[in-house]
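Take a look at the following structure, please.
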C-alpha cells in the first residue's frame, strides 16, 4: 500500500462510488462498466456507461474514451472475458416513457469490446422488454443474469425481468456459440432442496466458473433468500446441473444475494452480500465452500467496526460490489455500504487469507440510508 505525505492512500478511485458496477479481468487489468450512482444519486435511473481500466501492477486507473458504437447506460449486466475480448449482455437501462420522462428498461443486447483497439461491436440489438418474450431463438431481456464463459461458449442463466408476462424471476439456461443462441431444456423438479434437478427461479445470484463448470449460489426468489450451491458440469455429454449443497445447510452461511464470489483452487469464496427479504440484514463475513467435500467453512464472521476509511483493517459490509480474480488475488471494489454507496478498494490474498486496503473510500461517498 502506498501513502502520500499526509498519510492518505495514493491512487484513489477517480469516479463516484456506485453499486452494481460490472467488472471482468483480462491479463493484469480489471475492466469496470456501468453501475448505479454515477452522479452521486441512489436512483436506479442514475446509471452509467463508463468503462474504466485498472492496472493491478501499476495501480493506475484509466477511463476508456468513447469511440464509435457504445452500449447505453445500465446496471446489473452480464460481463465476462473470452478470447481476449470483453462480452457484455443485457442489464437494466433507460428509455423515455409516454410522458417524456425517463424510465428503466430491461435489455438483451449483446456487445463485444476489443481492448487492443478500444472499440465496441454490437452483436445483437435489444428487444423492447414491454413486448417480450417474442423471439424464441434468443434469451429475453433481464438484469442480474449469471453470465460466464465456458469452453468457448457464453453461459447465461436466470435473472429478473419485467415484460408482457409480468414481473418474473427466471431460471432458464442459454448458450451462445458460433453466432447463435441455444436454450437448454429444463429438467423437473426445479427448486432449492434435495431432490431438485434444476435450480429454482432466482436473481442476484453469486457465480464463478472454470474451464469445465459454472457454479451458482444463492440469490432471491419468491420464496425468499437462498444459499443453495449448484454446479453445471460440462463433463456430461450436453452438460448437466448437480446440486452440491441444498438451501439452509445446518453449518453454513445465512441465505443472501449479491455477495462477492470467487473460485480458487477448487474452493468457492463468498464475502458479504445482504438479505433481500430483510434489507437491514447485512454481511461482511467470509466463507469457503470446498468443492471436494461440499462443506462450508467460515473464515471470518461478521465483524465490526464498519469502516471505509484508511484506518479500516478489513472490509466492512458490502453488497452489489465489483469483484474479480487475477492469479492468487481477489479484488473487491465499492457497492452498497452501511449508509450508502461506497468506493473503498480491497484485495484478498487466497494463499494467506488476508485482506489489504488498496484505496480508502472517497470523501464524497453519499449517505442514502
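Are any of the residues in the stretch 163-178 in a loop (DSSP other than H, G, I, E, B) and touching a residue at least 40 places away in the same chain (Cβ under 8 Å)?
No, that holds for no residue.
Would you tally the residues in the stretch 45-83 being touching a strand residue (DSSP E or B) at 6+ places or on another chain (Cβ under 6 Å) and within 30 Å of residue 173 (Cβ to Cβ)?
The number of residues fulfilling the criteria is 16.
Continuing with the same structure: Can you tell me which residue is surrounded by the fewest Cβ atoms within 10 Å (Cβ to Cβ) among those in the stretch 262-279 that are within 16 Å of residue 347 (Cβ to Cβ) and under 15 Å from the mean Cα position of the chain (by Cα)?
This residue is 262.
Condition test on residue 40, is it over 18 Å from the mean Cα position of the chain (by Cα) and at positive phi?
yes
Evaluate the following for residue 140: is it surrounded by fewer than 16 Cβ atoms within 10 Å (Cβ to Cβ), on the phi < 0 side of the Ramachandran plot and either within 22 Å of the chain's Cα centre (by Cα) or in a loop (DSSP other than H, G, I, E, B) (or both)?
no
Would a scan of the stretch 309-331 turn up a residue that is buried (at least 17 other Cβ atoms within 10 Å of the Cβ), in a loop (DSSP other than H, G, I, E, B) and at positive phi?
Yes, the conditions are met somewhere in the stretch 309-331.
With without any contact (Cβ under 8 Å) to a residue 40 or more places away in the chain, under 22 Å from residue 72 (Cβ atoms), in contact with a strand residue (DSSP E or B) (Cβ under 7 Å, 6 or more places away or on another chain) and surrounded by fewer than 14 Cβ atoms within 10 Å (Cβ to Cβ) as the only criterion, which of 135, 114, 109 stands out?
Criteria check complete, one pass: 114.
Look at residue 154 and say whether it is under 23 Å from residue 25 (Cα atoms) and touching a strand residue (DSSP E or B) at 6+ places or on another chain (Cβ under 9 Å).
Yes; evaluated as a whole, the condition is true for this residue.
Sticking with this structure for a sec: Being in a strand (DSSP E or B), in contact with a strand residue (DSSP E or B) (Cβ under 7 Å, 6 or more places away or on another chain), more than 21 Å from residue 78 (Cβ to Cβ) and touching a residue at least 12 places away in the same chain (Cβ under 8 Å) narrows it down to one of 287, 230, 241, so name that one.
287
Same structure, new question: Can you pull out the residues in the stretch 146-180 that are over 19 Å from residue 205 (Cα atoms) and buried (at least 18 other Cβ atoms within 10 Å of the Cβ)?
Result: 163, 176.
Bear in mind these aren't lab numbers, they're just calculated from the coordinates by the rules spelled out. Predicted model only: the values in this text are computed from it and were never measured. Quick reminder, even Gly has a Cβ in these numbers, built from the backbone with ideal geometry, and neighbours come from all protein chains shown.
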